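This report concerns only the one structure given below.
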Amino acid sequence: MKFSCKLSRSTSTPDLKGSQKICERARENADRLKKRQSVGIAYSPLVGFSPEAKRRLAQPAKSSTMIKRRNDGYCDLIETKNAWGYLVQGNGHVFVFDRQLSNRKHNEPAGYVIGSGKDCDIIIHHKAAEERHAFIFYETRFQDNKYSMPVYICNQSANGIWINGKKMVNQIQKIKTNDHIFFLDPNTYMTKENICYVFVEPKQPLSTVKSIDTLYQSTHESLGEGNYGKVYLAKCKETGNRVAVKVVPRRSFKDLPQWQIALLREVSVCMLFPDHPCIVKISRMFVKNEDMYIIMEYGPHGDLFEMIVDGDYHYKEHEVRILFDQIAHAVACLHENNIVHRDIKLENVIVTDKANLRVKLCDFGFSTIARPGRDLLTGCGTSFYAAPEIKRKKPYSKSVDIWSLGMLLYVSLTSSHPYALPGKEEDYVPEHTGNSAKYRTDHPRWKSLSKDAKDLVNKMLQVDPKKRVDIQQVLDHPWLQNINNLESIKAGVKRNPLLVDYLESKKN
């Protein structure tokens with residue numbers, strides 16, 4: 001397909017015509033391309049937007065102002081400030097990609113979601129397109145004091161994505177200028193419904209990119225260890241606020257490909273989920289030489305393990321309900337975006353306000369993006385909280401997070417281990433007792449719990465994942481629905497107001 005772009009600001013820049021290989025392919029397949037253009041592949045109407053997506057999408061530039069056709073069949077694309085990429089439809093409409101972690105709006109990811117869902121940034125109207133088909137994001141990379149912003153596309157679908165005529169093999173692939181992208185099989189769908197997109201990288205570097213050394217000053221105080229890396233306390237030079245910095249070194253992995261896969265997986269996950277009141281806020285991500293740095297919100301009161309297990313105070317059931325309500329909604333946000341956390345535990349919940357019971361879910365080192373109809377296979381997570389199907393090395397799905405939530409809730413309610421197996425808890429694989437796991441019910445604190453609390457734990461700790469409740473059923477359970485009960489009101493314990501506002505905004 002004969003399509004290329006010339007990028008410019010106020011001054012001219014080198015012409016970014018298509019590579020020789022692409023141009024040759026276009027000439028060899030001229031008849032086929034001409035047929036495609038006649039039915040709308042190259043000059044198709046703009047993909048539709050829902051009202052929500054119109055507000056969320058970086059404004060697509062109009063052809064008259066953003067793109068100009070030349071007599072030779074190529075076009076000029078005027079570059080805009082702070083853009084890290086452009087996606088050009090066959091008819092010349094341009095989607096400007098400029099959303100970042102630092103400037104995204106409420107409930108937005110730091111990249112762009114493409115699919116048939118009404119909340120997607122770019123909507124594909126075709127029965128073969130999936131609700132969340134793809135996600136495009138970038139990373140900030142510094143190498144020997146030089147920076148770049150490589151852009152990647154992540155396949156979230158079961159059907160696949162085609163780049164330059166080839167189906168993506170890996171879930172995440174780097175894209176570059178003049179890559180032709182189809183979200184439906186170009187060999188099967190040859191009509192105007194299968195629109196071709198051309199990706200274009202910005203020619204000029206972003207003026208807003210700053211290195212980690214410029215923005216943050218490390219205190220060298222260790223806050224603990226996360227998956228694949230350590231977490232340190234640092235200070236933002238611009239605001240003076242304290243932040244947590246997770247450092248994932250290259251040496252944590254056996255080989256370079258393994259490190260690159262883990263790096264891209266964590267970057268994509270952190271970019272994909274929106275800003276949420278119960279998920280730790282990630283403000284920036286850098287890759288410097290062979291280390292990855294994740295700048296995130298600091299939890300001044302430690303983690304939930306220190307609060308629940310190591311503390312002297314035994315939290316009452318209505319207090320645990322306030323805590324669990326926040327964690328469950330954080331998991332719901334992840335699952336809505338097809339993200340599986342895979343390491344939910346007390347240690348991965350930071351405490352931002354101990355007095356008011358405010359907590360946030362953190363550490364996405366084991367998280368991954370699940371594709372519809374495809375089970376996950378990689379064994380990971382913390383053994384104590386891991387679901388039976390992971391311990392048995394069986395295929396699994398998002399339901400493993402529900403099991404981990406059940407374990408977390410049991411420990412939070414009783415401050416004890418659910419299995420009376422001293423020294424063997426980590427390797428224990430729960431067996432069936434009817435439908436649920438055989439956990440301890442003789443603990444004094446368990447006996448004092450309400451019927452609803454016991455029922456919710458029981459429904460989450462189902463050994464058979466098919467019988468385990470999903471996250472929406474957890475949220476709808478009577479125990480959580482009774483969050484504003486008389487006991488809580490008398491004790492002055494209130495639900496997280498930021499979560500309440502967030503849920504109200506989702507209704508509008």
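A short reminder: the numbers here are calculations on the coordinates, not readings from a lab. Keep in mind the model is a prediction, meaning the values are calculated, not measured. So basically every Cβ, Gly included, is an ideal-geometry build from the backbone, and we count neighbours across all protein chains shown.
Things worth noting here:
- Flagged links, alpha-carbon separation over 27 Å, of K174/K360; K451/K490; K438/K466: K174/K360
- Protection proxy ranking of 450-460, 480-490, by the mean of other Cβ atoms within 10 Å over each peptide's residues and highest first, is 450-460, 480-490.
- FRET efficiency, K146 to R440 (Cβ-Cβ, R0 51 Å, nearest 0.05): 0.35
- Both radii were evaluated on the Cα set of segment 212-297; the Rg over Rh quotient, with Rh as the Kirkwood radius, amounts to 0.96.
- Summarising the label geometry, the points placed 7 Å from Cα in the beta-carbon direction at T188 and K174 lie 3.0 nm from one another.
- Rg over Rh, two decimals, segment 304-507 (C-alpha only, Kirkwood Rh): 0.94
- Spin-label model, H220 to I489: label points 7 Å out along the Cα-to-beta-carbon direction sit 5.5 nm apart.
- Rg ratio (alpha-carbon, reference 2.2 N^0.38 Å) - segment 265-324: 1.52
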